[in-house]
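**Student:** The structure's right below; bear with me while I get my questions together.
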Amino acid sequence: MLLPKELKELFKSLPKISREIIDISAFSKAGMRTLLQSRDRSFYNSTVQNIDGRISKNNSLEISVRAEALEPNKLSQQGAEMVLRLYFEQLSWLDAPVHFDLRGNYFFEDEQKHLFWRPSSLSYSFAKDFLAGVKELYQGFYLENDAQFRAGLIKTKIISDADSATIKQEAFDLFQSHFATARSAPMRFELPVFRHSFSEIFMFFINNKKRLQIDFAYLGVCLTSLYLHLGHLNYELDVKQAFLDSSLAKV
């Protein structure tokens, strides 16, 4: 496998069927580019300062960003909710790379339950059009706007205007199901459930002879890291509220 070491563990946590559809060479090159940049200490420190500045302006995101190593520990439910909100918040940053590895070894919570985050060296710059589509998907789902959700499927290139009504409806039903019950009740982050759901999504691409965008592959890896962390904590979390509290929910 051509993937850099830092990506391998996350990639291996994706469903096995992902190997049949993800362009490993393009996926690896995209990850390697930012990985090499981040190994430049001055570049990494500058990146951390930029992230800290963004978070400092957000009153609902109580996270301190650090460039130095942390001693990770098990987060409280409050800390877990903050990590979830951080996932959504980063997807609203159109002009900055997303530090997509949200596993537990990058977080520390002190006795006052204040959360500290040391962004990993793994980051990815999503296309602005793709992020706009992701925003449409999440807003369409949580605000119960089916037309907006369908627009998000097209903007993320999951479907196209040229697709048949059958394929469009299949994608709609599949991705609505993927979001599960998060709209109506708190949920636990269970990696086996996520992997099964994502396997069905990959099968949709394969069966309909669709090309999987590298952006979509990296979003899947980001979600995988989130499930690895929050699944280990095993809290029931209000995903809808975390979304509504984030900038991604803003029109």
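The values are calculated or read from the model by the stated rules, or taken from the named source; none is laboratory data. The structure presented is a predicted model; accordingly, all values stated were derived computationally and were not measured. Neighbour counts are summed over all protein chains in view; Cβ atoms, including those assigned to glycine, are modelled from backbone coordinates with ideal geometry. The accessibility values were calculated without ligands, DNA or RNA, using every heavy atom of the protein model including side chains. Shrake-Rupley method; radii C 1.70, N 1.55, O 1.52, S 1.80 Å.
**Student:** Within the set of pairs 6+ apart or on separate chains, which have a first residue in the stretch 50-79 that is on the phi < 0 side of the Ramachandran plot and touching a residue at least 60 places away in the same chain (Cβ under 8 Å), a second that is among the aromatic types (Phe, Trp, Tyr) and surrounded by 13 or more Cβ atoms within 10 Å (Cβ to Cβ), and C-beta atoms under 8 Å apart?
**Tutor:** That search, which allows pairs on different chains as well, returns LEU75/PHE107; GLN77/TYR235.
**Student:** I'm checking my understanding of the structure. Among residues of the stretch 191-223 that are at pLDDT 95 or above and under 17 Å from ALA80 (Cβ atoms), which one is most open to solvent (accessible area, probe 1.4 Å)?
**Tutor:** LEU223
**Student:** In the stretch 167-202, how many residues are more than 20 Å from the chain's Cα centre (by Cα) and assigned to a helix (DSSP H, G or I)?
**Tutor:** Qualifying residue count, the stretch 167-202: 5.
**Student:** Go through (1) among the β-branched types (Val, Ile, Thr); (2) under 24 Å from LYS29 (Cα atoms); (3) open to solvent by 40 Å² or more (accessible area, probe 1.4 Å) and name the single condition THR156 misses.
**Tutor:** (3)
**Student:** Turning to a different aspect of this structure: Does the stretch 50-67 contain at least one residue that is within 12 Å of SER120 (Cα to Cα), surrounded by fewer than 17 Cβ atoms within 10 Å (Cβ to Cβ) and either of a type in the set (A, V, I, L, M) or modelled with pLDDT of 90 or more (or both)?
**Tutor:** Yes, the stretch 50-67 contains at least one residue that is within 12 Å of SER120 (Cα to Cα), surrounded by fewer than 17 Cβ atoms within 10 Å (Cβ to Cβ) and either of a type in the set (A, V, I, L, M) or modelled with pLDDT of 90 or more (or both).
**Student:** Looking only at the stretch 93-144, filter to residues that are under 15 Å from ARG66 (Cβ atoms) and aromatic (Phe, Trp, Tyr); which one of those is most open to solvent (accessible area, probe 1.4 Å)?
**Tutor:** Result: PHE108.
**Student:** I'd like to know if the stretch 56-77 contains one or more residues that are hydrophobic (A, V, I, L, M, F, W, C) and within 30 Å of ILE206 (Cβ to Cβ).
**Tutor:** No, the stretch 56-77 contains no residue that is hydrophobic (A, V, I, L, M, F, W, C) and within 30 Å of ILE206 (Cβ to Cβ).
**Student:** Additional query: Could you figure out which of (1) small (Gly, Ala, Ser); (2) assigned to a loop (DSSP other than H, G, I, E, B); (3) more than 17 Å from SER247 (Cα to Cα) isn't true of SER92?
**Tutor:** All conditions pass for SER92, except number (3).
**Student:** Going by what's in this entry, would PHE100 be described as part of a helix (DSSP H, G or I), of a type outside the set (Asp, Glu), touching a residue at least 12 places away in the same chain (Cβ under 8 Å) and closer than 29 Å to GLN213 by Cβ?
**Tutor:** Spelling it out, it is not the case that PHE100 is part of a helix (DSSP H, G or I), of a type outside the set (Asp, Glu), touching a residue at least 12 places away in the same chain (Cβ under 8 Å) and closer than 29 Å to GLN213 by Cβ.
**Student:** If the Cβ limit is 7 Å and pairs must be 6+ apart or interchain, which residue in the stretch 237-251 that is farther than 14 Å from LEU61 by Cβ pairs with which residue that is in a helix (DSSP H, G or I)?
**Tutor:** LEU237/ALA80; LEU237/GLU81; LEU237/LEU84; LEU237/LEU230; VAL239/LEU84; LYS240/TYR142
**Student:** State yes or no: is PHE27 under 30 Å from MET187 (Cα atoms), part of a helix (DSSP H, G or I) and among the aromatic types (Phe, Trp, Tyr)?
**Tutor:** no
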